[in-house]
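Structure, as structure tokens:
The values are calculated or read from the model by the stated rules, or taken from the named source; none is laboratory data. The structure presented is a predicted model; accordingly, all values stated were derived computationally and were not measured. So basically every Cβ, Gly included, is an ideal-geometry build from the backbone, and we count neighbours across all protein chains shown. Areas reflect the complete protein model, heavy atoms only, side chains present, ligands, DNA and RNA absent. Shrake-Rupley method; radii C 1.70, N 1.55, O 1.52, S 1.80 Å.
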Amino acid sequence: MLLYINKADLVNNRCYFVEINPKPRLNKGGGLVSSCLMKVEKRIQKEVPGLGEKIRRARKVDKRPLIELAALAGMSTPNWYAIENEEMKTLPLATLRKVEAVLGVTFGVEFKEDEDEEEQE
């Protein structure tokens, strides 16, 4: 069972999800099975204008072929192109970090809890 709780306004794109399993299960040793523990997830999105173009420029500076870069980042070349062309609505932070690692650069995308809370006030 997934219970959705919206704890923020749409301006800051913050949503909280709470997963609850109403029937706890025990393993053979009598301990709780991890799938029945409550999980809380917090999602924060941040707009990064021009990120696709920055990735494209960094890729062109790197002389390796795109097929190699994409493979090192664990994605297909069409997926990489979709990122560069900003065809994706949301880019997972983990994917961005893989791209940065492969290219040996950082694009300055950071999430700081203190700054996010200041923006709400």
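Obtain the nm distance between the two label points defined at N79 and I67 by a simple spin-label model: each point lies 7 Å from its Cα along the Cα-to-C-beta direction.
About 1.8 nm, to one decimal.
Could you pull out the pairs from K39/K112; K63/K89; K54/K112; K89/K112; K54/K98 whose alpha carbons sit more than 19 Å apart here? Working shown, then result.
On the way: K39/K112 22 Å; K63/K89 28 Å; K54/K112 22 Å; K89/K112 22 Å; K54/K98 15 Å.
The answer is K39/K112; K63/K89; K54/K112; K89/K112.
Give the ranking of R64, R56 by solvent-accessible surface, highest area first, calculated with a 1.4 Å probe. If you can, show how the numbers build up before the last one.
On the way: R64 80, R56 50 Å².
Descending order: R64, R56.
Order R97, R43, R59 by their accessible area, 1.4 angstrom probe, all chains in place, largest first.
In descending accessible area the options line up as R43, R97, R59.
Sorting K60, K89, K42 by accessible area (1.4 Å probe), largest first, what list results? Before the final figure, lay out the partial values.
Working: K60 125, K89 200, K42 80 Å².
The residues order as K89, K60, K42, largest area first.
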